[in-house]
1. Report the Stokes-Einstein translational diffusion coefficient (µm² s⁻¹, integer) for segment 150-261, Rh taken as the Kirkwood radius over Cα pairs, at 20 °C with viscosity 1.002 mPa s.
2. Just by accessible area at a 1.4 angstrom probe, what is the order of Trp950, Trp1015 from largest to smallest?
3. Any idea what log10 I(q)/I(0) is at q = 0.21 Å⁻¹ for segment 656-802, Debye with uniform C-alpha scatterers and no solvent?
4. Excluding Lys706 itself, calculate the net charge of residues whose Cβ lies under 11 Å from the Cβ of Lys706, where each Lys or Arg counts +1 and each Asp or Glu counts -1.
5. Rolling a 1.4 angstrom probe over the protein chains, ignoring ligands and nucleic acids, what is the accessible area of Val441 in square angstrom, nearest 10?
6. Roll a 1.4 Å probe over the protein chains and send me the accessible area per residue for the chain in Å².
7. Can you list residues from other chains, or at least 5 along the same chain, whose modelled amide H is less than 5 Å from the amide H of Leu506?
8. Among Ser881, Cys235, Asn415, pick out the residue whose Cα is farthest towards the positive end of the charge dipole of the chain, where Lys and Arg carry +1 and Asp and Glu carry -1 on C-beta, about the Cα centre.
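The values are calculated or read from the model by the stated rules, or taken from the named source; none is laboratory data. Fair warning: this is a prediction, and the values are worked out from it, not measured in the lab. With ideal geometry, Cβ positions are generated from the backbone for all residues, glycine too; neighbour counts draw on all protein chains shown. For the accessible areas, the whole protein counts, side chains as well, though only heavy atoms, and no ligand, DNA or RNA atoms are used. Shrake-Rupley method; radii C 1.70, N 1.55, O 1.52, S 1.80 Å.
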Amino acid sequence: MAPSPDGGAADKPEVFPAWCEDAEDVLDFHGVDDVGKGLSSSQVAEQRAKYGANELEHEEASSLWELVLEQFDDILVKILLAAAAVSFGLAYVDDAAAEEGWTAYVEPLVILLILILNAIVGVWQESNAESALEALKEMQSEHASVVRDGQRNGHLPASELVPGDIIELRVGDKVPADCRVLELKTATLRAEQASLTGESVAVLKQTEPAGAEDCEIQAKDSMLFAGTAVANGACVAVVNSIGMATEIGKIQASIQEAKEEEEDTPLKKKLDEFGELLTQVIGIICLIVWIINYEHFLQMEFDDCCWMPTKVSFDFGKCTYYFKIAVALAVAAIPEGLPAVITTCLALGTRKMAQQNAIVRKLPSVETLGCTTTICSDKTGTLTTNQMSVVRMVALGKSGTSDMRAYEVTGATYNPLEGDVVGLPAKMDPALTAISTVASVCNDSRIQLDASKQVYHAIGMPTEAALCVLVEKMGLPDAAENKAVIDGANGCEPVNAAWREKFRRLATLEFDRNRKSMSVLAAMGGGSSNGTVPPSPGRRSGRLAAKTDAAGAVTTLLVKGAPENVLERCSQMMRADGSVVPLAAADKEALLETVEDMASDALRTLCLAMKTGSALGKLDGYTGAEHSAHGMLADPEGYEAIESGLTFVGLVGLRDPPRPEVRDSMVACKAAGIRVIVITGDNKKTAESICRDIGVFSADEDLSGKSVTGREFAAMPEADQIAMLSGGGGRVFSRAEPRHKQDIVRLLKGQGEVVAMTGDGVNDAPALKLADIGIAMGIAGTEVAKEASDMVLADDNFQTIVAAVGEGRSIYANMQAFIRYMISSNIGEVFSIFFTAALGMPEGLIPVQLLWVNLVTDGPPATALGFNPADIDTMRRPPRSASDSLITPWVFLRYMVVGTYVGAATVGIFAVWYTSSEFMGIDLSGDGHTVVSMSQLMAWDKCGAGGQLWEGFTASAYSTYGGDAIGPFDDPCDYFGKGKAKASTLSLSVLVAIEMFNALNALSEDHSLVTMPPWVNPYLLVAMAVSFGLHFLILYVPAMANIFSIVPLSFEEWMLVLAFSAPVILIDEVLKFAARNYMHRL
């Protein structure tokens, strides 16, 4: 519906079906009495009040504040915010914090900084994501040539158009609204509407009604659509619909609808599920810690007589301590560095894909590719080259039709050096020469080389450009002349240039819908007209040449057109030796059978014919406008008579050929378990033929229930639609409209498929937006399609999609490796804190240390795991299900085992330092620290309370590497406070070392380090060195050590760290062995 004058939607009348009504009825509906006068000012005002402005609706973008708030709508972010708030509050009220100064606030500040950085990145991505609707608006015309009140306004703003306005359109104009063609001002009118309908050639328009009221867009040949362009000709039209009621407006509404239906990527869904699970786990562990330790800060005494406590004592300081443990648990459990590592890995993946011509616009789509189960592909330009090519040529033999010759023409592009005419004789006979002559001279198009890209383009109609390429592949009939022409060429079509030198074009009889042919009058000799003749003004004249001095030259009429029409006007045929004989009924029947055979192969067939000399009658010897027969060319109604009594010379079959590499890509898709569904605007027979050629279907496969038109599919009950889309094998939908593509994508997604959709036109944008991953064409694609997509193919090649899917699978496998690595590390941190609290020992790891490990130390190895080499069978496995768990029960059990060891090792080394002067032959007494019993360590919070356990307890100062001392301790109980610096450093170092070894374990989920050694990924070894370097930095730089409450370690202490950390490799090797030999057999 059209927008209201203020830009909002309003209830508007239904669009009038002008395409199937007579022009007079259309004018009556819109209140136009006189086409020459147009609407009156009062009528314009009424129409504007009724229909609104000719503008697409504008949706207000989310405000910056709304985007910021969205970034914090995540359960893990909320947990971190709560942890930061609690940490800040405790630092503010804690007396000990006052002595520490600003360093007491490091933990909450670091957490807030992380959240702010994540929010900034998220807002930037959101604000740059939506441009498809704006690109759609850019397709609208800015001005229109309108008649109102009997006056012409050539520069009326297009937004002011209303239904009923009379407008004039010429070649090159952008159509400003959906219009009904009233009158042609030239012999023909063509519109380039491929971006809207997917049709590969410009569409011929007409003034007569076309199609039924509910027909598809392609059948509305009497309509011009907003956003398309006039390819050739001129016309007068009446505006039928504007704004959101136009076809392009309906597409915008569909894009907006698809945007609202967008779902999270499979990975984001899994991470959200993990976040919810993690929240529950954190809550349960915190509760258990409090239950175990509540008696440390809350003591109650009861009498025997009743259940009510008679005395309650509460220790705020110890309560604060366990609050800190809760904060540490939250920080330990949440992998803060995971978003950054995922983004980095995806970004690296996009670089790999860009090298393969797949440009990723939205990072999550890299991961989505890895679980793609169905590719819905457009045909034109993706599976085919979008470059019309002659693939078959038919000429008569020595006896005529009884020994007709068919030549295969190879090559799939406009490059004349690519391919040739198979079996073409070294010296062409007269019949083949005649085919080459007609194809070259009866032609308004050219081929051109883009030197910067070394790519050939069509200048003009694609069909005629294909004929130019055929002529270049055939060459000239004289071998010596052909060599000379090619050797001396200064352009990309020397053979065509030679034919144009031989034939001077005198006049062009333009194509029209009735006779379905076009022809040129040419004189052999007398110089070149460069193949172009300027058009004469007016609807009722052909394009006539200026006067020529080629009097006396042989005049020839060269004709090409639809075989059924041209053959009907042929009375003779040219045999291989050049002899011309009558075309008998049997000959004509044989030629029509050949045409039918070519049509069955989905070839667009052209018939080539000619008429020479006296057969032209009065036009024989025609020289130009001064010739006595010139008047015959001024009236197009007489063209059919001129093009009668023709001599048949040959047939050519053309099509938009499949890309050579697509068939192998289809084989790869089948091996990878990926279905391919072709959705195209082309006709059914062409679509089926191409699908057989590229391997979507086998050559003799029954296509019942596998190939339907868009309208046939839309007419099915939903149950039948689902049944058709279900099951294996390919499908093809022809004559499809945008709504059909969206319906197909919705139904596939409803069946649990992960759908990749390709497209290049405006009509594809809604489906691209709706699909799990939208893939636009970089060369032929419109800006609307590109902006609605997740990925753009720089080479418009289906093979690139298949390569991108393989890369996506590899990236996802690597993401699994580092996600599991980071999660296992966090599980270890949680167990460390849990064991500390459960045993009643001093806090070994503080939140700021955990943040450093999660964000900095873990980051480089996790990122490097993204460079793991892909498995050789990546594209020989079926796609993973989007519902597959990121962490399976077995994987969870493995990392619980590893996590338990991490917790035990970090707590164990903390306890060993406090309780031992020697461990496994490693001397720990060199620093002079005081050794305590395990009982004292577990009851450290009762130090100073007296009792036999603490009687006579003293603690001496101890040294650190470098000569500094920790202590002396005026209060011996401070030995478990600031005196724990070295024990805490040992715990942190064990945690770092274990996580580096865990990174090696993550090289492969199941393969041993013996078969998958560390050097298969050299980036990981570099990353481990970086992480150890960063750890050494905070250990041995005093300012950094003070922030993290740690001290430098000696060689002996590093040996102790290795003794506690190295066993994690052996533990994981045992688990991998079990997975290989037992778990995968279940």
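1. Values: Rh = 14.5 Å.
Rounded to a whole number, D works out at 148 µm²/s.
2. These residues rank, largest area first, as Trp1015, Trp950.
3. Computed log10 I(q)/I(0) values: -1.60.
4. With Lys, Arg at +1 and Asp, Glu at -1, the net is -2.
5. So the heavy atoms of Val441 present about 0 Å² to solvent.
6. Using a 1.4 Å probe on heavy atoms only, each residue of the chain averages 41 Å².
7. Correct list: Leu521, Ala522, Ala523.
8. So the residue we want is Asn415.
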